[in-house]
């Protein structure tokens, strides 16, 4: 608390928001070098706005990770965490839309000051890297650019800060652990995975029978459709096999552990049970954020192509094509998308035994029933 | 140019964008006073982002006003001006959308630090007032809040800066003068207003005749519809009368001079003639910006209602109801909306004589013809 | 089920979506009358898209109302209801954005076919009125247009359908009843209202003391700020008084009953307790939808002004000014906004007794504790 | 004109918009088969809205192509064409946003009726294919899906309609021809390409000299930066070579002819000359539309991944990965992006001789000067 400040000391908007400091941080390099370019102001402000929002995103992500710190998340924290991730998603949507403002600068306008910026680059945004780390983008999954590690453009101190995020545990790590702790997969005699496998077999059998006895299908169609059912069967079996899963983990094609994946499936299927409603919303938030980051990468690559074309650089790769690749390859929460292929229709879903349903309900409701 | 800087000195993203200064300008007052509120960060960053964008908007508006400085705008400047006003519109759209991020803070969250902010208020944003002035919001049109002049919350210096904007001429002033200079309203024997009045009379007569001889209308309907035509006639006459117009100007119900209004009508009607295409786009930009500022005021009022309700303050008026009123009363370019009621269908439009059409065409095309 | 159809009969996109019927429903009246106007297609399609989305909104609202039919909403239904209201909000946001497409038609373009449309009008959209009714806009709150009841433009049959919505109970009615049934306001010796009043008094007293003993305030400031506290006190007392509330209900200035209002306040204050999390989300959805409808009205009025200006019609009122008024006067869920002024900071909130907290928790969690 | 219809016959909103026909075209297949799924309504309406907008887009694209039919576009048509392409872009933006509404249906909800739809698929949308053809997506550039030609799912009649679009000339074809007709590339002794090449050489030489004599660069840096200049030189030369260009055309890596490309470069560089302002806007519209279609493809692929996961089908390829590939490979106007790499800063741009500048100016202005 600075001297002379207290709850009832008054404060002015300009001072509170440090407007003066804020508005004196735009130094046009084209101006300093004697040839002021009108459009450089936009370039600076767009990037500064990005950095301010990045700070906010980091503020939210760190706070959400903290909720999971104690290996036990309190129910009320989950609703707060969802609120904060929703906010992150909204901020990311704004950042995507903001690219449209950058695009009001035409490539010719950009040339008025582009040469002064060398070699400053968006790759040097520390906060953007920190967001990637906090979300859980694994080091080994990152594309290299000109063969350099992504963090090599930063000071040692900053590199350590990024490393520490991984050491402390990313959001992905924390979510994995939290899912693994789900107590309902094997409770009071109810074995979710066994029930699910049984339902799956029954469903696929019923499907095959219905196809074979259908009056609408020709023999050729029957063959084709029952082969589709067969391939679904193979698919499901491979997914539900723990060894197969662990091999995919080793090959870096999966992120969530086997147990966490099964828990995520359980939450998806029984999402309407009271105690699973917020966990389901939480998982949905993670997918939304992942998609929004991907949208941003896609639009960013598009903007770079528009601005400087697809000229191959001295390093043999263009900025645009590198960026475009990260859009698909730097996705983080793909395992949650994978859950979609494991879902079965509600009508085929194993009913939960009453004692389990009570466990998933509110005290007030369960008691009354 | 700082010492040691030159075109080929290199520069880093962090230094170029003054990231350090930028990211150290968020001082949570709740933190300084011993009770850190998570949500205060959002409050600060949202406002800072607004101020950065305001700086950009001012940068663009000032540059557009400058184009009109010499009483003669060069054709190439008009296309640049349109590009910059389009950008302003896009920024304003982003600012409207940004309100949705502020709304992720719930009223209860806001209470965690609201009391520390007293009496800082958005009314104290100097840049927002500067934008209103640059666009041309007249002093006499402003609602007062608690009976105080809008600029009384600023230092004398800042008040003078605002006054100087009016003295130098607002965008509205410059546009009015530019419209008045339109050379085509009375050129080489072509008198636009006379032609327009003639077409109007012919159109309304034809309309009345068609109604009276229609086989589809009952007598009652004929009476009603021909009365509607009559009232249109009265309306058009009043609008086109210079004395009536000047009286409305005195009563502060109009902003554009009579001559500028007629020019704006001309541009609207013959917008497809080459020399009028960009002027028409320019006028459309002004309407778009005015609408977007209004949208922002509307959404801002809505957000304040959601955040603190409609509690009547000690001054007898609520923040929300004041803000809601400004949405309709602080519109600036309403005269351009008014043009819509003066338009007549293309089929009734007086044809331009060939020598006038040539004047409005490109040299290359006119020469060839 | 049409003859020959079954689960394994195949179906084509074109037939399933009735594309042929859909795409043959755009008859340009300007074309039929011999003078095809290019822009009329946009006019028709924009309105048809609106009507398709209206059908979807009605589909969702009716299903949500149904959940409340049995005077007992099942917990799992609440999460489904929230999902559907979220969808309604997203559709409304799209409808607001869609106005920008209509605005690509300029006023002059509209004149090419406007005269053919008389007297068809958006006022004649039955589905839009049905949505207003389903949400709960009370008949007595509606502005009249030229003195006519809003439903007079419809056939008797359709008028009856609208009346039946009110008879069956609107979403507002159902929500009011549901809130009144909240069991936790007076449970096992816990009296929420008494606790809340006590906390309020303590908070305001503490505030006054802090002001009077502050070293940062002048005497004049102390007087002003303690008067503000006093006026807050008066305000809270009036709101919490049942008779005052009932009088406001009679004057049509409130919609929710006293009991429902207190329940909404309780849910807002203790939203993080597990059993209140979804009810809080549900109320937030209602506010969001109300705001989005208002945004649509505002933008619609703005578009009409742009398109046809503010010409006063024979009835003495302009389309634009009528529409602009409905934006503020046809809001439905204003009582929920009012809750914001009743909130008190978390630090002042009465702690819930353990036995009450258990009641609000999950069975699994409460049992463990 | 139907019997009894005339300008002064009146018309009702419901009849004009064929609301009854429109709202009876949603037949839930799940309902017809005895097991109504609430969410199927959304599925139908989302797709029907898409088809209505597609009809509008086709209406606009066809009208724009028509403007170019006569091998001579009238200046006023260009401004109308730009207005219509702007509208197409806005519609596409809405369609992108609309995907967010589809995503409110969760994968589990989709399973409630998914099996009934087989084998109907979005691939069967005829209008979407028509839009791709009208824009100019070449047959040979299309990805095949399970080895089938994209149009094989349609009737012979419809296949012919698509073929006819190519025969009549796509928008890309028309634009190419129009660019080739640009008269200013070689006019009255001014040879644009020669001037441009000269400026390029001068610029690169100046750049190299500045680098070599810089006091800020180390020897290593000087070497690296002058190599970059050298590679730019090579790049420019290859692009500006007609034979190289024609080879790329043959390899299907270019779409625009050499002459059209040079014209597009000229328009980009001298866009502020009055006669080039609208052509520049027109080209920008094409880039915007191309980007927006790409955004739609990207978001659509993302939505499919979310809905059904990345399960490999019997054909060996997943729906998602096919769709994701089209996002990058089905872009049409990439040659215009390529122009960006050919631009040179305004300060290096060859000045146009006065007689040329007059040719590019308005008659009124040129005459006065």
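Values in this text are rule-based calculations from the coordinates and carry no lab data. It should be emphasised that the depicted structure is a prediction, and the values quoted were computed from it without experimental measurement. Every residue, glycine as well, gets a Cβ built from its backbone with ideal geometry; the counts of neighbours run over all protein chains shown.
Report the far tail of the P(r) of the protein assembly as shown, meaning the percent of Cα-Cα pairs longer than 55 Å. Before the final figure, lay out the partial values.
Numbers: 288602 of 1088550 pairs.
Taking all Cα-Cα pairs of the protein assembly as shown, the fraction more than 55 Å apart is 27 percent.
Put the label 7 Å from Cα along Cα→Cβ for residue A:168; what are its distances to the other copies, in nanometres, shortest first?
4.7, 5.4, 6.3
List the distances, in nm and shortest first, from the label point of residue B:74 to the matching label points in every other copy, placing each point 7 Å from Cα along the Cα-to-Cβ direction.
For residue B:74, the other copies' label points sit at 3.3, 6.7, 7.5 nm, shortest first.
Bin width 10 Å, alpha-carbon pairs only: give the P(r) of region C:170-369 as whole percents, running from 0 to the bin holding the largest distance.
7, 25, 26, 21, 14, 5, 1, 0
Whole number please: convex hull volume per residue of the Cα set in region D:20-120, in Å³? Intermediate values should be presented prior to the final figure.
Working: hull volume 13.2 nm³, N = 101.
So the per-residue Cα hull volume is 130 Å³.
Rounded to the nearest 0.05, what FRET efficiency do residue D:216 and residue B:365 give with R0 = 51 Å and r taken as the Cβ-Cβ distance? Could you check?
Details: r = 51 Å, r/R0 = 1.00.
FRET efficiency, residue D:216 to residue B:365: 0.50.
Given an 8 Å cut-off on Cα distances and at least 6 residues of separation, report the relative contact order of region D:20-120 as a percent.
Numbers: 42 pairs, mean separation 37.1, N = 101.
Result for region D:20-120 is 37 percent.
In whole Å, what is the distance between the alpha-carbon centres of region D:256-305 and region C:251-313?
Spelled out, the Cα-based centre of one part sits 42 Å from the other.
Express the Stokes-Einstein translational diffusion coefficient of region A:61-163 in µm² s⁻¹, to the nearest whole number, given a Kirkwood radius over alpha-carbon pairs, 25 °C and a viscosity of 0.890 mPa s. Don't skip to the end; give the middle numbers.
On the way: Rh = 17.0 Å.
Answer, rounded: 145 µm²/s.
Peptides A:104-114, B:11-21: what's the order by average Cβ count within 10 Å, highest mean first? Can you show the working numbers first?
Numbers: A:104-114: 19.6, B:11-21: 17.1.
The packing order, highest mean first, is A:104-114, B:11-21.
Tell me, what are the semi-axes, in whole angstrom and largest first, of the equivalent ellipsoid of chain B as set by the roots of 5 times the Cα gyration tensor eigenvalues? Walk me through the intermediate numbers first.
Details: eigenvalues 436, 173, 68 Å².
Ellipsoid semi-axes (Å, largest first): 47, 29, 18.
What ranking of C:272, B:273 emerges when the number of other C-beta atoms within 10 Å of each C-beta is taken as an exposure proxy, fewest first?
Working: C:272 19, B:273 23.
Arranged by neighbour count, lowest to highest, C:272, B:273 become C:272, B:273.
Considering the Cα trace of region D:106-147, what is its radius of gyration and what is Dmax, both in angstroms?
Final numbers for Rg and Dmax: 14.6, 39 Å.
Mind checking A:109-117 for the average number of partner chain beta-carbons within 10 Å of each residue's beta-carbon?
On the way: counts 5, 3, 8, 3, 1, 1, 5, 7, 4.
Shielding by partners across A:109-117 averages 4.
Which three lengths, in whole Å and largest first, does region A:264-314 cover when its Cα atoms are put on their principal axes?
Cα spread of region A:264-314 along its principal axes, largest to smallest: 56, 16, 12 Å.
Could you state the number of Å between the C-alpha centres of region A:326-369 and region D:326-348?
Here the answer is 47 Å between Cα centres.
Given label points at 7 Å from Cα along Cα→Cβ, what nm distances, shortest first, separate residue C:237 from the same residue in every other copy?
Copy-to-copy label distances at residue C:237, shortest first: 6.3, 7.8, 9.2 nm.
For B:288-301, what's the mean count of beta carbons from other chains sitting within 10 Å of each residue's beta carbon?
Numbers: counts 3, 0, 1, 6, 0, 0, 3, 5, 0, 0, 7, 4, 0, 1.
Across B:288-301, the average partner-chain Cβ count within 10 Å equals 2.
Provide the packing ranking of C:328-334, D:249-255, i.e. peptides ordered by the mean count of other C-beta atoms within 10 Å per residue, highest first. All intermediate terms of the calculation are to be shown ahead of the outcome.
Numbers: C:328-334: 18.1, D:249-255: 13.6.
So the order, starting with the most tightly packed, is C:328-334, D:249-255.
Averaged over A:271-279, how many beta carbons belonging to a partner chain fall within 10 Å of each residue's beta carbon?
Numbers: counts 6, 9, 4, 11, 7, 2, 9, 5, 0.
Partner Cβ neighbours, averaged per residue: 6.
Which of C:368, A:223 comes first, and how do the rest follow, when ranked by fewest Cβ neighbours within 10 Å? Don't skip to the end; give the middle numbers.
On the way: C:368 9, A:223 13.
Result, fewest neighbours first: C:368, A:223.
Quick check: Cα centre of region C:181-228 to Cα centre of region D:74-144, how many Å?
If we compute the Cα centre of each part, the gap is 57 Å.
In chain D, which residue puts its Cβ closest to the axis that turns chain D onto chain B, and how many whole Å away is it?
D:363, 2
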